[in-house]
Amino acid sequence: MKLSDLKPCEGSRKKRKRVGRGTGSGHGTTATYGNKGQRATSGGTKSKWFEGGQMPLTRRIPKRGFKNPFRKEYSLVKIVDLEVFKGKEKVEIEDFFTTGLVREMKSGIKLLSDGNIDFSIKVAVHKASKKAIEKIQAQGGDVEVLI
């Protein structure tokens, strides 16, 4: 037996169907796509969200409200959270990240008046509520509003 004598078993190898190679091949003209219809023409596939011609779900559902694309969203810090900085003179933006009070900077950091404070501190934030500023100034501190 030689290498040139080796052949695959009968029926183990099947010839591939050669489509669109003339009428003599048996798969010419329509190339096994059938006659007419959506699938017979080029580009004739339906999108996966096609609903058989009925009104699509995205158009049936009522649209409500308005979402402002220019809206500013602030990372919130409460006065109670400033307890972490007790003994520190001034708190900068970077300090909020190092302590983990703020994880991501959105449009800035806003200071809210939740809770009480019993020590003097200077805080630099992008925005602060009036009550928060009053509470910190009452203890002899100051709030610097950045732009």
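The values are calculated or read from the model by the stated rules, or taken from the named source; none is laboratory data. A quick note: this is a predicted structure, and the numbers were derived from the prediction, not measured. So basically every Cβ, Gly included, is an ideal-geometry build from the backbone, and we count neighbours across all protein chains shown. Note: accessible area is taken over every heavy atom of the protein model, side chains too, but ligands, DNA and RNA are not part of it. Shrake-Rupley method; radii C 1.70, N 1.55, O 1.52, S 1.80 Å.
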Answer label, with percent of Cα pairs over 23 Å apart calculated from the coordinates and candidates (1) 28; (2) 66; (3) 39: (2)
Note, ³J(HN,Hα) from phi for region 69-79, Karplus 6.51, -1.76, 1.60, rounded to Hz, x at Gly and Pro: x, 9, 5, 9, 10, 9, 7, 9, 10, 9, 4
Mean separation of Cα contacts under 8 Å, 6 or more apart, over the residue count of the chain: relative contact order %: 15
Between region 1-59 and region 95-147, the alpha-carbon center distance in angstrom: 67
Value at 222 nm in deg cm²/dmol, rounded to 500, when DSSP H runs of n ≥ 4 in the chain each add -39,500 (n - 2.57): -3500 deg cm²/dmol
Accessible surface of region 38-147 [probe 1.4 Å, protein heavy atoms]: carbon and sulfur percent: 51
Vicinal HN-Hα couplings computed from phi for region 21-33 (Karplus, 6.51 cos²θ - 1.76 cosθ + 1.60; Hz; Gly/Pro x): 10, x, 5, x, 6, x, 10, x, 6, 7, 6, 6, 8
Where chymotrypsin sites (Phe, Trp or Tyr not before Pro) fall in DSSP loop in region 51-120, at most 16 other Cβ within 10 Å: F66, F70, F119
Accessible area expressed per residue, the chain, with surrounding protein chains retained (probe 1.4 Å, Å²): 84
Loop-exposed GluC sites (Glu not before Pro) per DSSP, neighbour cap 16 Cβ within 10 angstrom, longest uninterrupted part of the chain: 105-147
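Are there chymotrypsin sites (Phe, Trp or Tyr not before Pro) in region 22-51 that DSSP puts in a loop and that have at most 13 other Cβ atoms within 10 Å, and which ones? Write out the running numbers ahead of the final one.
Working: sites: Y33, W49, F50; in loops: Y33, W49, F50.
Taking region 22-51 and a limit of 13 other Cβ atoms within 10 Å, the loop chymotrypsin sites (Phe, Trp or Tyr not before Pro) found are W49, F50.
Report the trypsin sites (Lys or Arg not before Pro) located in region 54-85 that are in a DSSP loop and have at most 13 other Cβ atoms inside 10 Å of their Cβ, or state none.
Working: sites: R59, R60, K63, R64, K67, R71, K72, K78; in loops: K63, R64, K67, R71, K72.
Answer by residue number: K63, R64, K67, R71, K72.
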5 angstrom amide H check on D142, placed H, neighbours 5+ away: I121, K122, V123
Long-range HN-HN contacts of V19 with modeled amide H, under 5 Å: none
